[in-house]
1. Taking the Cβ-Cβ separation of V46 and L25 as r and a Förster radius of 35 Å, what is the calculated FRET efficiency to the nearest 0.05?
2. Please calculate how many Å² of accessible area the chain carries per residue, with a 1.4 Å probe and no DNA, RNA or ligand atoms counted.
3. Ratio of Rg to Rh for the chain, alpha carbon only, Kirkwood?
4. Helix 11-27 against the longest principal axis of the chain: what's the angle in degrees, Cα atoms only, rounded to the nearest 10?
5. Suppose every Lys and Arg Cβ carries +1 and every Asp and Glu Cβ carries -1, with no other charges. What dipole size does the chain come out with about its Cα centre, to the nearest 20 debye?
6. Within the accessible area of the chain, what % is carbon and sulfur when the probe is 1.4 Å and the other protein chains stay in place?
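The values are calculated or read from the model by the stated rules, or taken from the named source; none is laboratory data. Just so we're clear, the structure is a prediction, and the values are computed from it rather than from any experiment. Cβ: placed from backbone, ideal geometry, glycine included. Neighbour counts: every protein chain shown. Just the protein is used for accessible areas: all its heavy atoms, side chains included, with ligands, DNA and RNA removed. Shrake-Rupley method; radii C 1.70, N 1.55, O 1.52, S 1.80 Å.
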Amino acid sequence: MKLDAPRLADPESLLGWQRGAEERLAELGLDGAWTAQLQGELPPGVKPETALAAIARSFTAKPLETYKDEGTYSVSYSTERLHRTIRSGSHNIALQAAVHRDTTNGHWRLTVGTPLITSEY
């Protein structure tokens, strides 16, 4: 696992870290599958539904499964733009996005994962 602060994360350095990790794992005879996850707060005034719709447009994604309660919105999508999928029921999910209201500060936190979110959101 690699964690980086949002403003400090350089894409080239992250890709370099990934290539190095792949090489070390291959030397051990391990062939893994990568997942990616991004997390951050929504800007003030941005509604959860608006953020999720923007993600769907950006990935040309079709919503497959949804969950909504008072403080959480979660959508799982299919998209041709991402190649790795996870089977969920009768769907092949390639992307999941969730917005959750932080109960300590009231801010909305957005989490996006491929093919699924694998941590708390």
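1. Calculated value: 0.35.
2. Per-residue accessible area for the chain comes out at 70 Å².
3. That ratio equals 1.00.
4. 50
5. Computed about the Cα centre, the dipole is about 320 debye.
6. Ligands and nucleic acids excluded, carbon and sulfur give 54 percent.
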